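Any read-out appearing in this document is the output of simple, stated calculations on the displayed coordinates, not a laboratory observation. Since we're looking at a predicted model, the values are computed, not measured. Neighbour counts are summed over all protein chains in view; Cβ atoms, including those assigned to glycine, are modelled from backbone coordinates with ideal geometry.
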There are 2 protein chains.
Amino acid sequence: MPIDPRHPREIRQDIRRGKLTGITAGLGQNFVQANLAVLPRDSAYDFLLFCQRNPRPCPLLEVTDVGSAEPVGVAPGADLRTDIPKYRVYKDGVLADEVTDATPYWRGDLVAFLLGCSFTFEWALLEAGIRLWHVEQGKNVAMWRTSIACRAAGAFHGPMVVSMRPIAAGELAKAVTASARFPGAHGAPVHIGDPAALGIKDIRRPDWGDAQEFRPGDVPVFWACGVTPQA
Amino acid sequence: MPIDPRHPREIRQDIRRGKLTGITAGLGQNFVQANLAVLPRDSAYDFLLFCQRNPRPCPLLEVTDVGSAEPVGVAPGADLRTDIPKYRVYKDGVLADEVTDATPYWRGDLVAFLLGCSFTFEWALLEAGIRLWHVEQGKNVAMWRTSIACRAAGAFHGPMVVSMRPIAAGELAKAVTASARFPGAHGAPVHIGDPAALGIKDIRRPDWGDAQEFRPGDVPVFWACGVTPQA
């Protein structure tokens, strides 16, 4: 298992120096992992309200002051323009660029939002003795747009996105209680079992991330996902 | 004990008709009680961010759409201009009026914020067998400005306000665990014991609310308080 037990500060240094550019699953043991969304101040109120109204997919950990790329509340000294492996740059809602250093795109009117990520509680799942196929394989989780609508806020509206992990039937209760302890990182699952109940047509074809492998007796378990703002 | 077990909808009707104008402690059993703050849209982003950064004193339950006085998320059908016993109207930071109907002051650019209130978990404390002097007496809790600074957000900054209830020493652990179950209503105490540690000079003279009576063996227990935005 590609587990990296170092302090997040050291991991961020590696990322800043370009040594680490992949998926962050399995990193930052015992620390919260976050998704990053950056928006101009003009849209920040609506997005902040969207997060407040949809805390399961968008659990807010930190919002920077306008123009500041330092999340002083949760990671003083970090630089959100360089300390994340990869950035997707959207222009008018369309993916325009993918970079490992967002400094050239930073502006004085930008606000950074850090949303708790389910990678946070994977440690708790592993410690509870639950096998996680994607961690063992060094892959990403599987993610889908669902038929569950988020509560809209101004310009922001859309479906909830979920991440899915195959969990052995005998471990389902443990998966719920272990993840429920992390409300700041999506908390307990939003759904267990039949993907059709969430409007997911093909469990083998995720909208984002990697298709997961099911072992005999595995059940799909769905958590609200921080990719929701992109959907 | 002045306990009113009716559904909050009925209690709000009474308030709207002017039948109920006092303190709401002891009302709305098994429902969350909220503090109300109303601000113009121009200040709403900073205040929303202030709440996000200070969730213990300012646990956000609901933020209305601009111009709407209906908290559709937590109490559809309620009218925040009439369904609260009393309103304090501030102009340029100074108390300008106190009314039982805020309709004349409502404007199209206003946003209403509902913050969880510690009255919510008093039921849980009572059910755990903890005596609450102010509920027995039909009085308010005691509140103070503390020496703990909130994390600032734009124009909003200031000290955390706490509410205090005298709790029997033997019931302290129960008071912590019972209130900790309600993170949306300030959660567990921020301090137990010596008021001086919070910068409180005289436990008999609160900054807001009513002075509390201590029985022999009672310890002051302090919770973060939704009056914080007024401090």
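Each peptide in B:152-165, B:129-142 was scored by the mean count of other Cβ atoms within 10 Å over its residues; highest first, the order is B:152-165, B:129-142. Within the straight-line cut-off of under 20 Å between alpha carbons, the aspartates and glutamates reachable from B:Lys91 are B:Asp42, B:Asp46, B:Asp101, B:Asp109, sequence neighbours fewer than 8 places apart in one chain being disregarded. Distance between the pseudo-spin-label points of B:His157 and B:Arg17 (7 Å out from Cα toward the beta carbon): 4.9 nm. From the label point of B:Gly22, set 7 Å along Cα to the beta carbon, how far off in nm is each other copy's matching point, shortest first? Counterpart label points of B:Gly22 in the remaining copies fall at 6.7 nm. In loop segments of the range B:1-63 as defined by DSSP, the trypsin sites (Lys or Arg not before Pro) with at most 14 further C-beta atoms inside 10 Å of their C-beta are B:Arg6, B:Arg17, B:Lys19.
Here the spin labels are modelled as points 7 Å beyond Cα on the Cα-Cβ line, and at B:Trp208 and A:Glu127 they lie 3.8 nm apart. With a cut-off of 14 Å on the backbone N, no residue of the range B:119-141 is near the modelled label site 7 Å out from B:Glu10 along Cα-Cβ. Copy-to-copy label distances for A:Gly158, where each label lies 7 Å from Cα along Cα-to-Cβ, are 3.7 nm in order of increasing length. Label separation (B:Asp194 vs A:Val72): 2.9 nm, computed from points 7 Å beyond Cα along the C-beta direction.
Taking each of A:Lys174/A:Lys201; A:Lys86/A:Lys139; A:Lys19/A:Lys86; B:Lys86/B:Lys139 in turn, the alpha-carbon distance tops 18 angstrom for A:Lys174/A:Lys201.
Under 5 Å between amide hydrogens, built in the peptide plane, is the criterion, and for B:Asp207 it picks out B:Met143, B:Trp144, B:Arg145 among residues at least 5 positions away or on other chains. For the protein assembly as shown, what is the percent of antiparallel DSSP beta bridges, rounded to the nearest 5? That works out to approximately 95 percent antiparallel. Which residue, chosen from A:Phe47, A:Gln29, A:Leu61, occupies the Cα position most advanced towards the positive end of the dipole of the range A:1-75, where the dipole is computed from +1 (Lys, Arg) and -1 (Asp, Glu) charges on Cβ about the Cα centre? Projecting each Cα onto the dipole axis, the largest value belongs to A:Gln29.
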